[in-house]
1. Pull up all non-local amide H partners of ASN177: gap of 5 or more, or a different chain, and H-to-H distance under 5 Å with H placed in the peptide plane.
2. In what sequence, highest mean first, do 23-29, 150-156 appear when ranked by Cβ atoms within 10 angstrom?
3. Taking 7 Å along the Cα-to-C-beta vector as the label spot, tell me the ASN66-GLU102 distance in nanometres, rounded to one decimal.
4. If you plug each phi of segment 42-47 into the Karplus form 6.51 cos²θ - 1.76 cosθ + 1.60 with θ = phi - 60°, what whole-Hz ³J(HN,Hα) values come out, in order, with x for Gly and Pro?
5. Using 0.36 nm per residue, how much length does the chain from TYR170 to ASN113 gain when fully extended, once their Cα-Cα distance is taken away?
Amino acid sequence: MLSFLSLFLLIISQNGHIFASYCGEDAIPFSLQTLRSGQPVLGCARPSCFGWGAKTDKGARFYRINKKSDGFMRDSDHKKYDKVKIVARESQLAVLQFQVCEKNYSSLSCDENTQWVGGLSPSSNITATPLRLQCCTFGKLKNSWDRGIADVGPGQIVIGGEVMQGERQYAFDYIANIKKYFKENGR
């Protein structure tokens, strides 16, 4: 199922500060919001086709900036995990599927067709410093395809996630890349 993932390429238009968020090695970024302050919020998910064999110790982590979280794990995935981990342990049929993420936030883009954005680096001055990403690699993405580019400005959000046909999930739209740019007015 994961070989049919859909690919999102996002361009983010921001002002303000950037802080770190990370989906972990067993989750996939499915949404990106830019708060009015310019702070990005990375939404992470564990779709039915990825990351359920065992919980990794390199799980999602997020920070609170000015009383706002810079990321989140989808609530429904927390509830699903408790139920699925028991079934997976008992069946011994669960296939471990994890991405391999860079150790730090050193990339300017995640351009490979087997990558997605796993996390965003902290930056105290968004206009003076480049946006640094933590790219994660998952080999089965080579069969995915590009679904387009979305511009996300302050106060906006783009949401991917499960793509369903009837009751069956056949794809998952995710955040593959993020690029920062400013319009002429500095926003």
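1. LEU10, VAL117
2. Order by mean packing, descending: 23-29, 150-156.
3. That separation, rounded to one decimal, is 2.7 nm.
4. With coefficients 6.51, -1.76 and 1.60, one gets 9, x, 10, 9, 10, x Hz.
5. Going from the current span to full extension adds 18.6 nm.
Values quoted throughout were computed directly from the atomic coordinates according to the rules given, and no laboratory measurement underlies them. None of these values were measured; they are calculated from a predicted model. Cβ: placed from backbone, ideal geometry, glycine included. Neighbour counts: every protein chain shown.
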